[in-house]
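Here is the structure we will look at, set down as structure tokens.
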Amino acid sequence: MPSEFNLGKEKNVAGPLQDARKAALYTALSAVPAGKVVSYGQLGDMAGLSRAARWVGRTLSQLPGGTALPWHRVVAAGGRISLPAGTASGDEQRARLRQEGVLGSGDRVDIRRHGWRPMEHNG
């Protein structure tokens, strides 16, 4: 796994398959550009993990603080920010999305405007 992920030496008892799933997820997440968002389900699909939206959310919630991965660019279906306002993570996600010009007021991102569709961006 590339060092820019800044994930440390995580020990995983689930073994190589779980490690491969996480590596695929982290690689897909690192491709989401600034100013764009994806849903948990879309990110799972991009990583080759269909029907894994809940697993994606749970895995992202376990990222260590200070990770270089753009976890804040993942939102719930329809553009809703799922992290509660008033929590450290929720407030950080909103601040980062505002800084990237993705979030105005409220807790929803305009998916039509800011949703990332990799096939459109790759050619």
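What to note about this one:
- FRET efficiency estimate (nearest 0.05) - Cβ-Cβ, Ala34 to Arg58, R0 22 angstrom: 0.35
- Asp110-Arg98 pseudo-label distance in nm [points 7 Å out on the Cα-to-Cβ vector]: 1.8 nm
- Neighbourhood net charge (10 Å Cβ-Cβ; Lys/Arg +1, Asp/Glu -1) for Gly41: +1
- Debye-sum result for segment 50-119 in log10 I(q)/I(0), which assumes one identical scatterer on each alpha carbon, at q = 0.20, 0.25, 0.28 Å⁻¹: -0.90, -1.36, -1.53
- Sites matching trypsin sites (Lys or Arg not before Pro) across segment 16-123 that sit in DSSP coil, with at most 15 neighbouring C-beta atoms within 10 Å: Arg51
- Calculated FRET efficiency for the pair Ala20/Ala85, C-beta based, R₀ 30 Å, to 0.05: 0.30
Computed from the coordinates by the stated procedures, all read-outs in this text should not be read as laboratory data. Remember, it's a predicted structure, so these values are computed and weren't measured experimentally. Note that each Cβ is placed from the backbone with ideal geometry, even for glycine, and that neighbours are counted across all protein chains shown.
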